[in-house]
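Visitor: The structure is given below, and queries will be raised subsequently.
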Amino acid sequence: MARVVREEWDRLPDANPIDVYWAIGQMVKVRAGLAEHYTSTLLRLHQQLSYHYPSYKTFFSEVDGKTALAFWEKNPSPRCLKDVSEAELAEFLKRDSNRYLSLSKARQILNLIAEDGDTERQYQDQR
């Protein structure tokens with residue numbers, strides 16, 4: 001390769017930085033970076049949820065789904081559900097899941113939280 005560059009320098013085409021292959025390479029790098037960032041963010045979410053909700057994996061089929069994220073945002077710890085009835089939680093779940101989840105899911109979540117016991121930790125508000 002070095003010999004060709006040295007001997008054929010005058011006849012080689014100029015490098016074009018807007019080449020389609022360069023652009024595709026940049027897009028692949030950006031996608032890889034986004035995928036890595038998403039994975040690390042999801043791992044942090046799992047870590048924080050495990051502190052507050054030990055049985056969180058059974059709450060929703062997708063921990064990072066639309067309904068699950070709305071639930072975690074509104075109820076970052078079980079303390080937020082202390083005075084919430086099954087009917088109130090069911091209404092919230094119905095609204096955010098396009099009426100897919102209802103009273104049985106609300107009952108399941110509240111029962112799992114009760115089975116987990118006291119998960120209150122220091123600095124829970126900061127987490």
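Visitor: Across the chain, how many lysine pairs, 8 or more positions apart or on different chains, have C-alpha atoms separated by under 27 Å? Please give the number.
Guide: For the chain, the number of qualifying lysine pairs is 15.
Visitor: Using a 10 Å cut-off around each Cβ, can you sort I113, I24, I18 from fewest to most neighbouring Cβ atoms?
Guide: Going from sparsest to densest Cβ surroundings: I18, I24, I113.
Visitor: Which one, D19, D83, D116, has the greatest fluctuation when you compute a Gaussian network model over the chain with C-alpha springs under 10 angstrom?
Guide: Maximum fluctuation in the GNM of the chain, among the listed residues, is at D19.
Visitor: Which of the GluC sites (Glu not before Pro) found in region 58-118 are in a DSSP loop and have at most 11 neighbouring Cβ atoms, other than their own, within 10 Å?
Guide: E62
Visitor: Rank V30, A68, H46 by how far each Cα sits towards the positive end of the charge dipole of the chain (+1 on Lys, Arg Cβ; -1 on Asp, Glu Cβ) and give me just the farthest.
Guide: Sorting the options by dipole projection puts first A68.
Visitor: Around L110, with a cut-off of 13 angstrom between Cβ atoms, what is the net charge of the other residues, counting Lys and Arg +1 and Asp and Glu -1?
Guide: Net local charge, L110 excluded: -2.
Visitor: Sum -39500 (n - 2.57) across every DSSP H segment of at least 4 residues in the chain, then divide by the residue count to get the 222 nm mean residue ellipticity, nearest 500.
Guide: -19000 deg cm²/dmol
Visitor: Compute the longest continuous run of the chain that contains no exposed chymotrypsin sites (Phe, Trp or Tyr not before Pro); treat a site as exposed when its DSSP state is not H, G, I, E or B and it has at most 16 other Cβ atoms within 10 Å.
Guide: 1-99
Visitor: Across bins of 5 angstrom width beginning at 0, how are the C-alpha pair distances of the chain distributed, in whole percent?
Guide: Whole-percent P(r) values from 0 Å outward: 2, 9, 14, 16, 12, 8, 6, 5, 4, 4, 4, 4, 4, 4, 3, 1, 0.
Visitor: Can you give me the distance in nm between label points at V28 and D14, each placed 7 Å from the Cα along the Cα-to-Cβ direction?
Guide: Reported label-point gap for V28 and D14 is 2.7 nm.
Visitor: Note the angle between two axes, namely the Cα long axis of helix 20-52 and the longest principal axis of the Cα atoms of the chain, as a number of degrees from 0 to 90, rounded to the nearest 10.
Guide: 20 degrees
Visitor: Might you report the magnitude of the Cβ-based charge dipole of the chain about its Cα centre, with Lys and Arg at +1 and Asp and Glu at -1, to the nearest 20 debye?
Guide: It works out to roughly 160 debye.
Every number in this text was worked out from the coordinates using simple rules, so none of it is lab data. These numbers were taken from a predicted model, which means no experiment stands behind them. Positions of Cβ are generated from backbone atoms using ideal geometry, with glycine treated the same way; all protein chains shown enter the neighbour counts.
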